[in-house]
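Below is one structure; the comments refer to it alone.
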Amino acid sequence: MVGRISRNPVPWLLLVLVLVAGALINLIPFLWTLSTSLKTASEVFAYPPKWIPRPVVWHNYVSAYHLVGGRVFLNSVIFSVSVVLLQGLVTTMGGFAFARLKFLGRDQMFLVYLGTMMIPTQVTMIPTFIVVVKLHWIDSYPGLILPIVAQGAFGTFLFRQFFLKIPDELYEAARLDGANPWQQFWRLTLPLSRPVLTAYGVITFLTAWNLYLWPLIVVRSPRLKVIPMAIAELSGGFSQDRGVTMAAVSLSILPILALWIIGQRWFVEGIAMSGMKA
Amino acid sequence: MESLKAIPAVKARSWVRPSMQRDWPWAILFLGPNLVLFAVFMAYPVFYGLYISLFDWKIIQPPRWVGLDNYIHFFHDPLTPKLIWQSLYYAIGSTIPLVALALLCAVMLNAVIHGRYVWRGIYFLPLVTSPVAAAAVWTWLYAKDQGLINYFLVKLGGSRIDWLFDTTWAMPALIIMTIWKLLPFNTILYLAGLQEIPAHLYEAAAIDGASRWRQFRDITLPLVTPTTFLVLLITILNLLFGSFDIINVMTQGGPLQSTNVFIYNIYQNAFQYFRMGYASAQAYILFVVVFALTVVNWRLQRKWVHY
């Protein structure tokens, strides 16, 4: 269907109706979260449910921030940014090595990388946990961050494929100018890879920000908690003020939502790329 | 000629083109960190996990060798059939709508010209929220007395359901939420697949007088099968391995084990009951089964995927 709707208004109207219905279904949980987050505790339990809170309790957001704790937000930022930067560095360098360098066993090694991409990380979470225990990295930033950075097989694959497409002539010219591989990497390869770097960075940030299982396993004290853990705890609690809980949920979504509005295109590209993983 | 005979015989395999060796110092620089991290946190754990599965290991005690007992116990455990049934229930119950609806959405979104990015922006929103955040929201939506869902249900003439606490309805509740959450991802994949179909095929069909339904059935459906294959694969993997977050936040496998699936039980065994060895065995069995299914699906491609 390439955007050609016949002049007959009936199917067109149907399309619009279905599209709007679908959009509503997608939006309602978000709108409801927003609505609940601004209600007083008593209005939250009002029946029939009200959409527009009266009064509007902006203070819920302040309460939510204090309830979750600034430290938790900080941890999520530290975690996500570290993963993006470290994994980005490691995977681009690795991709460059597989694409442009010649060394013994290169292609065989790459096949092994590809092979492990097929193993879901949940299969190895138990032994990885034991490894982290043995390294005495439980409940520490390295233990939290590095095993996730290590899950860069897909990124390495992605960058290798992309780097292979950069014409040899450009590299020849650089080599004639006396550039060694390190300089080629920084001055030639990376600047030409901005689109794929952006998409990869955005999708990796999203994944790290929303990661739940691994932090749940590794983090044992409140000082290292990340946002998904805090939200899960709030959701499970019974005596919580639901309005504040929903405000906390909104706060947790906010950075991603902002990124989404700014750069939806990169997200979509990144998601389509990660679809290639399988 | 004699000098040639003096050269010791070398197996053909060990002779490598010199050009394949020249970059190895750079290779160590570029690939080193990647390789070390990969070896320590990905490659080694794969084998170590298998090793662990041969022991009975409650973390506080040293591991005790049991050989294949964990695997044998798996087949005799009364929970196992329940886990199998519920994992299948969840996987198939979610996958069919996730594939069919995604194609439908992609077709619709593809047809929209005006405000295309706004429509897509809205449709893809569930994707960017964390499963935990979405699960927290939907837990509230499913609340028996104040939840929105029951409110609409009652308005439509039904009676209230205590969704997440009812053994019959907990799993459907999870399935509905999963469909909401994962649909955008599949839609993106289908949209990409639809772009690959050449426009002139539709034009030719339209000229021949084919209705849009026939165009869909005879052009779109067959030509989108490669994407369908990809979507099926990704969805099943996502459901079987990635559903932990949702289950832990919404039902914790309950009520009465009615929403317990493999990936959740593995976590329970490892980190709540501290039966590391058994959990490891379960993880590997799950992986092998899924891998086998993937291979089977791959082979079956020939029958139904048109490239």
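Summary of computed values
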quantity: Number of positions in the range B:252-287 that are more than 10 Å from every other protein chain (Cβ to nearest Cβ), under 19 Å from the mean Cα position of the chain (by Cα) and free of Cβ contacts under 8 Å to residues at least 60 places away in the same chain; calculated: 2
quantity: Qualifying residue in the range A:192-208 (condition: of a type in the set (Gly, Ala, Ser) and within 12 Å of another protein chain (Cβ to nearest Cβ)); calculated: yes
quantity: Exclusive hit being within 21 Å of A:Ile253 (Cβ to Cβ) and basic (Lys, Arg), set A:Arg54, A:Arg71, A:Arg106; calculated: A:Arg71
quantity: Residue in the range B:220-240 that is free of Cβ contacts under 8 Å to residues at least 60 places away in the same chain and more than 28 Å from B:Phe287 (Cβ to Cβ) present; calculated: yes
quantity: Pairs where the first residue, in the range B:27-51, is within 7 Å of chain A (Cβ to nearest Cβ) and the second is among the charged types (D, E, K, R), C-beta under 8 Å, 6+ apart; calculated: B:Ala27/A:Arg106
quantity: Tabulated pairs, the range B:59-70, first among the β-branched types (Val, Ile, Thr), second outside any loop (DSSP other than H, G, I, E, B), C-beta under 8 angstrom, 6+ apart or interchain; calculated: B:Ile59/B:Met276; B:Val66/B:Phe55; B:Val66/B:Asp56; B:Val66/B:Gly277
quantity: Out of B:Arg217, B:Arg212, sole residue that is out of contact with any Cys (no Cβ under 6 Å at 6 or more places or on another chain), free of Cβ contacts under 8 Å to residues at least 12 places away in the same chain and surrounded by 15 or more Cβ atoms within 10 Å (Cβ to Cβ); calculated: B:Arg212
quantity: Selection within the range B:127-165 - farther than 28 Å from B:Thr235 by Cα and touching a helix residue (DSSP H, G or I) at 6+ places or on another chain (Cβ under 6 Å); calculated: B:Gly147, B:Arg160
quantity: Checklist (1) within 27 Å of B:Trp119 (Cα to Cα); (2) without any contact (Cβ under 8 Å) to a residue 24 or more places away in the chain applied to A:Leu38, failing item; calculated: (2)
quantity: Hits in the range B:96-120 - residues which are without any contact (Cβ under 8 Å) to a residue 60 or more places away in the chain and within 30 Å of B:Leu164 (Cα to Cα); calculated: B:Ile96, B:Ala100, B:Leu104
quantity: Filtered residues of the range A:99-129 (kept if in contact (Cβ under 8 Å) with a residue 24 or more places away in the chain, assigned to a helix (DSSP H, G or I) and in contact with a Leu (Cβ under 9 Å, 6 or more places away or on another chain)); calculated: A:Ala99, A:Arg100, A:Thr121, A:Gln122, A:Met125
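Every residue, every condition in (1) open to solvent by less than 10 Å² (accessible area, probe 1.4 Å); (2) assigned to a helix (DSSP H, G or I); (3) more than 24 Å from A:Leu17 (Cβ to Cβ), yes or no:
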{"residue": "B:Ile92", "(1), (2), (3)": "no, yes, yes"}
{"residue": "B:Leu101", "(1), (2), (3)": "no, yes, no"}
{"residue": "B:Trp119", "(1), (2), (3)": "no, yes, no"}
{"residue": "B:Leu127", "(1), (2), (3)": "no, yes, no"}
{"residue": "B:Val132", "(1), (2), (3)": "yes, yes, yes"}
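The rows are residues; the columns are (1) open to solvent by 70 Å² or more (accessible area, probe 1.4 Å); (2) among the aliphatic types (A, V, I, L, M); (3) over 30 Å from A:Trp137 (Cβ atoms).
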residue: A:Trp186; (1), (2), (3): yes, no, yes
residue: A:Thr189; (1), (2), (3): no, no, yes
residue: A:Leu192; (1), (2), (3): yes, yes, yes
residue: A:Val218; (1), (2), (3): no, yes, no
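Condition check ((1) over 25 Å from B:Ser243 (Cβ atoms); (2) in a loop (DSSP other than H, G, I, E, B); (3) touching a residue at least 60 places away in the same chain (Cβ under 8 Å)) across all residues:
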| residue | (1), (2), (3) |
| --- | --- |
| A:Phe154 | no, no, yes |
| A:Glu169 | yes, no, no |
| A:Gln184 | yes, no, yes |
| A:Arg187 | yes, no, no |
| A:Trp209 | no, no, yes |
| A:Arg223 | yes, no, yes |
| A:Leu234 | no, no, yes |
| A:Val244 | yes, no, yes |
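The values are calculated or read from the model by the stated rules, or taken from the named source; none is laboratory data. Note that the structure is a prediction, hence the values are computed from the model and not measured. A quick note on method: Cβ atoms are made from the backbone with ideal geometry, for glycine too, and the neighbour counts reach across all protein chains shown. When the accessible area is computed, the model is the full protein with side chains, heavy atoms only, and any ligands, DNA or RNA have been set aside. Shrake-Rupley method; radii C 1.70, N 1.55, O 1.52, S 1.80 Å.
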